Structure formats: C-alpha cells, structure tokens
Amino acid sequence: MEDFRLIQYLTTGQVIPTESPIHRLDPRTRLLGFVGMLVIFVTGHSLPTVTAALLVTVGVLLLARVPACYAVRGVASLIPWVLIIAVLQLVFRIGDGPECVEILRFGPLRITWCTLEFAGVTLVRVLGLMLLMGLLIWTSSITGLVHGIETLARPLDRVGLPAHGLALVGAIALRFVPTMAMEADRLLKAQAARGGDLRQGKSGIVHRIRRVLPLLVPLFALALRRAERLAEAMDSRAYAGGRGRGQYVLLQMKRTDWLSLCLVALFVVGAFAWG
Amino acid sequence: MKLNTRNIALAGVLSAVSIILAVTRVGYIPFFAGISVTIMHLPVIIGAIVGGPVVGTIISLIFGVSSLILASVSPLGPSDVFFTDPWVSVIPRLFIGVIAWAVYRSARASGRGWVIGLGVLLSGLVILLSYNLVVGQASLGPLIGVVVGALGLAGVGGIIWRAFRAHPEELALISAAVAATLANTVLVLGALVMRGYVPGAMALAIGVANSPLEMAAAAIITVAVVSAWYQISLRPGGSTV
C-alpha cells in the first residue's frame with residue numbers, strides 16, 4: 001500500500017506477446033488444453049505421470065517463447081518453501097502405508113518409497129501447476145479467455161445452466177477490477193487527507209482490523225451502488241445476457257487447433273492409463 | 001436457475017472487490033509469524049446476504065479461481081504453495097456462499113443462527129478428526145483440542161446471543177459471517193489435510209490460532225457494511241452526509 005498507488009499491483013500476470021504458435025491458437029484450444037493438463041496434475045499420484053506432464057508443460061512454454069526469467073521468477077521464490085514442505089511430509093510420514101518398502105529408519109523417522117514418491121509428486125505438482133497457470137496467463141489475453149469460455153459454455157444454455165450469465169459476471173468482474181482499485185486509492189487518499197492515514201497507527205491485531213474498516217465499508221458501499229446502477233443501465237437497454245445474440249468477434253478453430261487438441265487428449269488418456 | 005441482471009451486476013462487482021483485496025494485499029491483515037487474518041471471503045458473505053446463494057456461489061468461484069491464479073503467477077509466501085491446487089483453493093470455497101445465506105435466513109427467521117453456525121463448526125471438525133483417526137494418526141491431543149474448541153465457541157456464541165438478543169438483524173449478520181468464515185477455515189484446512197500437504201495436528205493448530213480473530217473481523221466488517229448499505233438504499237437519493 002505504498003504511495004497510494006494500488007493499481008500498480010495489477011500489472012503482474014500480463015500477456016507476453018511473442019506471437020508464437022501457441023499464441024496463435026484459438027483461446028478455446030488453450031483453455032481445453034489447460035483443463036486437460038490441470039486434470040493430470042491434480043489427479044496424478046504417480047511420479048512418472050506427473051513428471052511427464054511437467055516436461056510437456058515446459059516444452060509448451062519453450063514453444064510459446066516465454067522468456068525464461070518470467071517462468072523462473074515465480075517458481076524460484078517458492079522453491080525453498082516447497083522443499084521445506086517436502087521435508088515436513090517425509091517427517092510426518094504422509095502417504096505411508098503398511099506395504100511400503102522402507103529405505104531409512106532413524107528412531108521415530110521412517111522414510112519409505114511411498115512417502116518419498118508422495119513428497120516428490122507434491123513437489124512436481126506444485127511446479128507444474130505454477131508453470132501451467134503462467135503458460136495460460138502469459139499467452140492469452142483476458143478478453144480472449146472470457147470469449148473462449150462464453151463460446152465453450154454456449155451449449156450449456158440449452159441444458160438450463162446460465163452460461164451467458166456466468167461469462168458476463170466474469171467479464172464484469174475483470175472490467176471493474178481497475179475501477180475498484182482506483183476507488184480504493186481514492187478512499188485511502190481521502191481518509192489520509194482527513195487525518196486518518198490507514199498505513200500508520202498502533203500495531204496489534206485489533207487496531208489493524210479497526211484501521212481497515214474506514215476503507216472497507218465505503219469500498220463495499222461504492223461497489224454495491226455501482227452494481228445497482230449497472231443493473232439499471234443493463235435493464236434500461238434491455239440487455240438480457242447473451243442468449244440469442246450474435247458475436248462481433250467470431251472464434252474459428254483451425255487445423256492446428258484440432259491437432260493440438262488431439263495431442264492433449266491422447267496425452268490425458270495415456271496419463272490415466274498409466275496411473 | 002435464472003440469473004437476473006441485478007444478480008449478474010452484483011456478482012460481477014463484488015468479485016472485482018474480492019480480486020482487489022487479494023491482489024493489493026489489503027485483504028491480508030498480518031497477525032504474526034507469517035499467518036494473516038484474511039478478509040477476502042467477505043465479498044462472498046456480503047454477496048450471499050444481499051443477493052442470495054447463487055450470487056454468493058458465483059463470487060466464491062471467482063474468488064477461488066483468482067486465488068489459484070495469484071498463487072501460481074505471483075506467489076508471496078509459503079501458503080501459496082498449497083493454493084496452486086484447485087482442490088484447496090477453489091472447491092472448498094464454493095460452499096461459503098450457500099452457508100452464509102442459509103445461516104442468515106434461518107437466523108432472521110428464528111433468531112438462533114448461532115446454533116447453526118456451531119453446527120457447521122462441529123460437523124467440520126468431526127469430519128477432520130474422523131479422517132485423521134481413520135488414516136491412522138489418532139492421538140488424544142487433537143481430540144481434546146476439538147472438544148475445547150467446541151466448548152469455547154459455544155460459550156462465545158452464548159455471550160453474543162445475550163448481547164444482541166434485542167437486535168435480530170445484527171445477530172443474523174454476525175451468525176452468517178461467523179459460520180461462513182468458520183466454514184472457509186475448516187474446509188480449506190480439511191482440504192489441505194486430505195491432500196496430504198499438512199499434517200492434521202498442524203492444521204488444527206493453524207485453525208485454532210487464526211479462526212477466532214478471523215471470525216471476529218468478518219463479523220465486525222459484515223455488520224458495518226450491510227447495515228450501512230441498507231440504510232443508504234432505504235433513503236432514495238443516497239445518504240445525507
């Protein structure tokens with residue numbers, strides 16, 4: 001909260017426009033590929049599967065020509081913590097079972113192949129998920145993603161789920177993030193101008209909580225008021241979401257998209273077959 | 001399930017506030033030793049109270065996904081390691097909206113919302129504890145901790161009820177905030193234990209250290225925000241200040 005410029009925090013995770021083959025894919029392909037790899041990382045519990053998924057992610061990152069410093073920066077800051085957590089998992093014997101083959105025994109400490117694999121899977125999974133998420137964020141614009149989600153979710157409308165409503169909620173949320181950040185900036189400055197600088201004061205947790213109130217109550221009130229006005233504006237223009245509406249930008253799947261989707265599908269099936 | 005425009009706008013703007021609270025770290029009130037009292041689930045609670053369970057669930061979905069993205073792309077601490085897993089960051093959060101709305105409605109109807117809140121706590125802790133026992137790390141310590149915690153909460157609930165007996169609206173808001181915050185803590189810690197990231201005893205310790213202040217902060221802020229909002233909207237033309 002330095003210097004009242006909250007909006008500077010919103011610059012992390014921007015698109016890196018390198019015009020690679022991955023960037024040129026349809027956003028739906030990237031989304032579905034992301035979901036496929038996510039499923040493998042989240043449900044995979046054997047070390048070879050998760051490591052293969054990690055290698056694939058790194059390969060796609062290289063294809064996307066993402067500068068190494070971006071990819072490494074986030075991961076590097078967390079490596080010490082991940083290692084500590086892996087050690088804790090070994091010590092607390094998480095993932096152990098009676099059938100596991102013991103490697104080391106030292107007093108109460110017991111390391112088996114199972115616990116070692118579990119700790120390794122956790123390590124690889126965290127790295128993989130971070131790189132995968134970075135891959136999606138660095139190659140896709142947010143509007144492209146929302147567009148892709150809306151197009152993908154359109155068939156759900158016939159089943160009765162309010163897919164357009166949900167996509168619109170996402171779009172509104174993203175559109176209002178800079179607005180609300182500026183409102184929060186303005187509130188901090190206004191409170192400070194009245195002598196209530198929210199960055200200083202007594203420490204002690206109760207005081208810190210109380211200091212946050214003069215920012216939060218007006219911020220929520222402003223947010224709620226904006227929501228009401230937005231709803232009125234939408235209603236007065238008879239905007240009822242996207243049902244039956246055409247789109248200005250049409251997404252088209254090309255041959256590279258279908259090829260990539262087939263590759264991802266093969267990989268997911270293979271990963272599940274392996275275990 | 002239809003979403004009218006008011007609910008869409010409400011969910012969208014409150015999700016934006018939730019994202020802001022996470023990104024600018026205003027939502028993290030530092031406590032000690034790296035643990036913080038977090039208030040980023042407050043838009044979920046307020047959205048559920050003002051807009052209903054669907055709005056609350058949508059906001060909690062966006063809240064969960066944004067915490068997932070932030071943990072992966074700009075991690076800031078050890079807890080961000082775990083939040084890269086959607087089982088920990090997204091799935092547990094989906095229930096907060098419904099719980100907040102349900103407790104608020106039943107508390108307004110009957111004035112006994114804190115009983116429900118307590119029920120949520122107890123069920124969550126029972127689930128946690130039984131999982132721990134089943135997996136084979138049974139010990140007396142966590143059991144005593146659970147019982148003491150439940151009794152403490154019952155006592156605090158009783159004090160709050162006596163103090164706010166004459167103000168059913170505030171009581172309903174406090175109950176909803178407390179129940180939803182507790183559900184957030186219990187469900188996220190439970191997911192951490194079930195995924196094997198954190199041993200059960202440590203999760204219990206974190207929960208016990210963090211929860212009371214988080215519930216208090218959530219209750220204070222929720223009551224302040226919702227009562228200010230309802231007073232403002234009752235007077236057409238905005239407040240006179």
Placing one identical point scatterer on every Cα of the range A:59-196 and ignoring solvent, what is log10 I(q)/I(0) from the Debye formula at q = 0.14, 0.17 Å⁻¹? -0.92, -0.99
Volume per residue that the Cα convex hull of the range B:53-111 spans, once the total is divided by residue count, Å³: 77 Å³
I'd like to compare B:9-20, A:212-223: which one has the highest average count of other Cβ atoms within 10 Å, and what's the full order after that? B:9-20, A:212-223
Is the range A:10-137 rounded, prolate or oblate when judged by the Cα gyration tensor, a ≥ b ≥ c being the square roots of its eigenvalues, rounded requiring a/c under 1.5 and prolate requiring a/b larger than b/c? prolate
To the nearest µm²/s, what D does Stokes-Einstein give for chain A at 20 °C and 1.002 mPa s, using the Kirkwood radius over alpha carbon pairs as Rh? 94 µm²/s
Burial-style ranking of B:52-63, A:147-158, average other-beta-carbon count within 10 Å with highest first, yields B:52-63, A:147-158
What's the long-distance tail for the range A:131-215, i.e. % of Cα pairs beyond 15 Å? 72 percent
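Rule-based calculations on the coordinates, nothing more; no lab input. These figures come from a predicted structure and were not determined experimentally. Every residue, glycine among them, receives a Cβ derived from its backbone with ideal geometry; neighbour counts consider all protein chains shown.
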